[in-house]
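The values are calculated or read from the model by the stated rules, or taken from the named source; none is laboratory data. What you are looking at is a predicted structure, and each value in this text was computed from that prediction instead of being measured. Ligands, DNA and RNA are excluded from the accessible area calculation, which covers all protein heavy atoms including side chains. Shrake-Rupley method; radii C 1.70, N 1.55, O 1.52, S 1.80 Å.
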Amino acid sequence: MQKFKYYAVITPDLEDGGFLVRFPDLENVYTDGETLLESVKHAEEVLECMLEVMIDYNDEFNPPSPVSEITIAEGESLVAVEVNVTPKGTKGDFGR
């Protein structure tokens with residue numbers, strides 16, 4: 001098992017309500033939620049699942065940026081998301 005910490009940007013969805021979530025360091029990793037709390041929970045779930053898949057398939061992905069390098073727009077929130085990942089194909093062995 002390995003711990004990862006990435007920052008998520010949470011934006012209010014002004015058209016449909018709820019919140020949109022993106023990870024600036026990870027391409028194509030998005031989610032949403034009806035409430036802020038639900039959005040954070042979904043961010044944890046999608047981050048864990050996507051990292052598991054990327055590691056299982058030996059896909060390269062960006063390391064987390066320092067918080068000082070992430071910019072957000074007015075109205076957005078920056079949330080640290082930590083997950084423990086054990087890819088299914090590695091049985092927890094990250095040394096392959």
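Residues considered: GLU44, GLU34, GLU74. Largest GNM mean-square fluctuation over the chain, using C-alpha springs under 10 Å, is found at GLU74. For the residues GLY18, GLY75, GLY33, a GNM of the chain with alpha-carbon springs under 10 Å puts the largest fluctuation on GLY75.
Against the criterion of solvent-accessible heavy-atom surface with a 1.4 angstrom probe, THR35, THR71, THR11 sort, most first, into THR71, THR35, THR11. With the alpha-carbon atoms of the chain aligned to their principal axes, the span from lowest to highest coordinate is 44, 27, 18 Å, starting with the largest. With all protein chains in place and ligands, DNA and RNA left out, the 1.4 Å accessible area ranks LYS88, LYS5 as LYS88, LYS5, largest first.
Taking the 1.4 Å solvent-accessible surface of the chain as the whole, the part contributed by carbon and sulfur is 49%. The angle separating the long axis of helix 36-56 from the principal Cα axis of greatest extent in the chain is about 30 degrees.
Over the chain, give the accessible area per residue in Å² for a 1.4 Å probe, as an integer. Before the final figure, lay out the partial values.
On the way: 6290 Å² over 96 residues.
Accessible area per residue: 66 Å².
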